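Reading through the structure tokens given below for one structure.
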Amino acid sequence: MGRIEQAFAALSGKTALIPFVVAGDPTYDESLKLVDAILDAGADMIELGFPYSDPLADGPVIQAAALRSLQSGFQLPHSFRMIEQLRSRTQKPIIAFTYVNPILQFGIEAFFDQLARAGGDGVIIPDVPLEEAPDIAQVARHCDISFIPLVAPTSGAARIQAICEAASGFVYCVSSLGVTGERSAVAANVQHLVETVKQYTDLPACVGFGVSQPAHAKEISDYADGVIVGSAYVRRIAKVAEQNVDSVIDQVCNFTKELKAACKSFI
Ligand SMILES: O=P(O)(O)OC[C@@H](O)[C@@H](O)c1c[nH]c2ccccc12
């Protein structure tokens, strides 16, 4: 049983809290400290975003974070190094989030081999082309890396079924159309999307996009196995520019505890 499966089993019906942060934002050392602290504060897994120069599916908050990280000199090998360092301190699942181009540039086999050696557990690739997904998923599986697909609110039943059949780890249910960014409310149709996914797979179904406050996590934990929170973390992390990192660490840890407390059992 891999770390992701173990983590969901250990939660025994409580919804997992899965923060997303951009690796190397604002610097390598501060980013490592922040991820460490977020995991210590109760996050069940971490979705670690590999910064990319053309993050098409991202809103302004995450785009700015990727730019800060890249401008600090952060590159793909640093992501593997960060995962290695995190792995030496935690057994919680570490999920790499990356656009497909860095994988193709680095080499598919080399990428997943490095990710596995570093101690990574899964990968989320928001822009993987349908025709390339099976090959990439096969290489990931061969390296014991879960290939975590995304289903969109516009995905039809047949597409959702096909996506679920290729999935491992969990299925990422994108709550709303558009790009990442904090929303004021949870999208109305996301529970139906989760229930549709659950018709086609026994894998956990986790909801992301727009979750910005504990009330959202509480609502989602009525029906989903996990909740992913990205921009709300990244916006807080951006405050390192004008506050010291320890103060920001306190803020993201308090936010984590509030979100975790809201993630109750859904069974
Ligand atoms: O930032 P949000 O709205 O909380 O959404 C999660 C998101 O950050 C993370 O899962 C993610 C970051 N970039 C993405 C691009 C596509 C899909 C998902 C993502």
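Annotations
- Some residue of segment 207-218 being open to solvent by less than 70 Å² (accessible area, probe 1.4 Å), out of contact with any strand residue (DSSP E or B) (no Cβ under 6 Å at 6 or more places or on another chain), touching a residue at least 24 places away in the same chain (Cβ under 8 Å) and away from the ligand (no atom under 15 Å from the Cβ): no
- Against the list (1) of a type outside the set (A, V, I, L, M, F, W, C); (2) modelled with pLDDT of 95 or more; (3) open to solvent by 60 Å² or more (accessible area, probe 1.4 Å), the condition G181 fails is (3).
- With respect to the conditions (1) without any contact (Cβ under 8 Å) to a residue 60 or more places away in the chain; (2) within 11 Å of the ligand (Cβ to nearest atom), T180 falls short on a single one, namely (1).
- In this structure, R159 does satisfy being open to solvent by 20 Å² or more (accessible area, probe 1.4 Å), more than 14 Å from the ligand (Cβ to nearest atom) and not aliphatic (A, V, I, L, M).
Here's the yes/no breakdown for (1) touching a residue at least 40 places away in the same chain (Cβ under 8 Å); (2) of a type in the set (S, T, N, Q); (3) closer than 16 Å to G230 by Cβ:
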site	(1), (2), (3)
G2	yes, no, no
V21	yes, no, yes
D29	no, no, no
D40	yes, no, no
D44	yes, no, yes
G49	yes, no, yes
D58	yes, no, yes
V61	yes, no, yes
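- The residue of segment 1-45 that is surrounded by the fewest Cβ atoms within 10 Å (Cβ to Cβ), among those that are β-branched (V, I, T) and within 15 Å of the chain's Cα centre (by Cα), is I38.
- If you check L76, L104, L34 for being of a type outside the set (D, E, K, R) and touching a Ser or Thr at 6+ places or on another chain (Cβ under 9 Å), only one passes: L76.
- Per the listing A232, A224, A238, A262, the residue uniquely touching a residue at least 24 places away in the same chain (Cβ under 8 Å), in contact with a Lys or Arg (Cβ under 7 Å, 6 or more places away or on another chain) and not aromatic (F, W, Y) is A262.
- S31 among the hydroxyl-bearing types (S, T, Y) and in contact with an Asp or Glu (Cβ under 6 Å, 6 or more places away or on another chain): yes
- Check on D202, in contact with a Lys or Arg (Cβ under 9 Å, 6 or more places away or on another chain), more than 14 Å from the ligand (Cβ to nearest atom) and within 18 Å of S265 (Cα to Cα): no
- None of L48, L56 is of a type outside the set (K, R) and open to solvent by 10 Å² or more (accessible area, probe 1.4 Å) except L56.
- I237 meets each of the listed conditions (1) within 14 Å of the ligand (Cβ to nearest atom); (2) surrounded by 21 or more Cβ atoms within 10 Å (Cβ to Cβ); (3) closer than 27 Å to L130 by Cβ apart from (3).
- Tally, over segment 96-109, of residues that are touching a residue at least 24 places away in the same chain (Cβ under 8 Å) and in a loop (DSSP other than H, G, I, E, B): 2
- Yes/no for V128 being open to solvent by 10 Å² or more (accessible area, probe 1.4 Å), in contact with a helix residue (DSSP H, G or I) (Cβ under 9 Å, 6 or more places away or on another chain) and within 15 Å of the ligand (Cβ to nearest atom): yes
The values are calculated or read from the model by the stated rules, or taken from the named source; none is laboratory data. What you are looking at is a predicted structure, and each value in this text was computed from that prediction instead of being measured. Because the Cβ atoms are built from the backbone with ideal geometry, glycine has one as well, and the counts that use them run over all protein chains shown. Remember, those area values only see protein heavy atoms, side chains included, never the ligands or the DNA or RNA. Shrake-Rupley method; radii C 1.70, N 1.55, O 1.52, S 1.80 Å.
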